[in-house]
1. Taking region 14-32 only, how many residues are without any contact (Cβ under 8 Å) to a residue 24 or more places away in the chain and closer than 17 Å to Ala75 by Cα?
2. Kindly establish whether Ile89 is more than 15 Å from the chain's Cα centre (by Cα), within 16 Å of Phe48 (Cα to Cα) and either loosely packed, with under 12 Cβ neighbours inside 10 Å or not assigned by TED's automatic domain parsing to the domain that holds Ala61 (or both).
3. Among the candidates Asp33, Asp55, single out the residue that is in the same structural domain as Val15 (by TED's automatic domain parsing), within 23 Å of Ala4 (Cα to Cα) and not in a strand (DSSP E or B).
4. Quick one: which of Val59, Val54 is farther than 25 Å from Ile96 by Cα, of a type in the set (A, V, I, L, M) and out of contact with any helix residue (DSSP H, G or I) (no Cβ under 6 Å at 6 or more places or on another chain)?
5. Out of all the residues in region 102-119, which are among the small types (Gly, Ala, Ser) and either part of a loop (DSSP other than H, G, I, E, B) or exposed (fewer than 10 other Cβ atoms within 10 Å of the Cβ) (or both)?
6. Please count how many residues of region 65-85 are modelled with pLDDT under 95 and under 17 Å from Arg47 (Cα atoms).
7. Could you please let me know if Thr9 is surrounded by 10 or more Cβ atoms within 10 Å (Cβ to Cβ) and either out of contact with any Gly (no Cβ under 7 Å at 6 or more places or on another chain) or more than 26 Å from Leu115 (Cβ to Cβ) (or both)?
Amino acid sequence: MSFADPTLTISGTAVTLARTGSAIGQGTFSSPDGTTRMSVSHTNGKRFRRVIRVDASKVSADPLIPTQNTRNNMACYLVVDVPANGYTITEQKAVIDAFTAYLTASSSAKVAQLLGGEN
């Protein structure tokens, strides 16, 4: 089964991503203007590696040459790396649920600390 076309809400704006690529173990989704992209991939071996990634780009003024604009990119992803045996999907989900709840508690305070460079 594959992911349905996702919609991400970035700064209050809904961004619909259509499937733009598909291969064994991977799928890619992009916004019509190409500024937002999501990819999902799976690698199987002795360990299973699951990755979901969002890439965003925007154009902004170059701080050194304010009359020129530059394209800036960022990425955010979640990697789940598990052994082929030993963890059920339910157990894996429980760890991910705990991790994402920790990051998003109190209006995503831990995400803000991370982005601020705290450790």
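The values are calculated or read from the model by the stated rules, or taken from the named source; none is laboratory data. Predicted model only: the values in this text are computed from it and were never measured. Neighbour counts are summed over all protein chains in view; Cβ atoms, including those assigned to glycine, are modelled from backbone coordinates with ideal geometry.
1. Looking only at that region, the number is 5.
2. Working: more than 15 Å from the chain's Cα centre (by Cα): yes; within 16 Å of Phe48 (Cα to Cα): yes; either loosely packed, with under 12 Cβ neighbours inside 10 Å or not assigned by TED's automatic domain parsing to the domain that holds Ala61 (or both): yes.
So Ile89 fits the description; yes.
3. Numbers: Asp55 fails: not in a strand (DSSP E or B).
Checking each option against the conditions leaves just Asp33.
4. The unique qualifying residue is Val59.
5. Step one: filter region 102-119 for residues among the small types (Gly, Ala, Ser), giving 105-109, 112, 116-117.
Selection gives Ser106, Ser107, Gly116, Gly117.
6. Residues meeting the conditions: 2.
7. no
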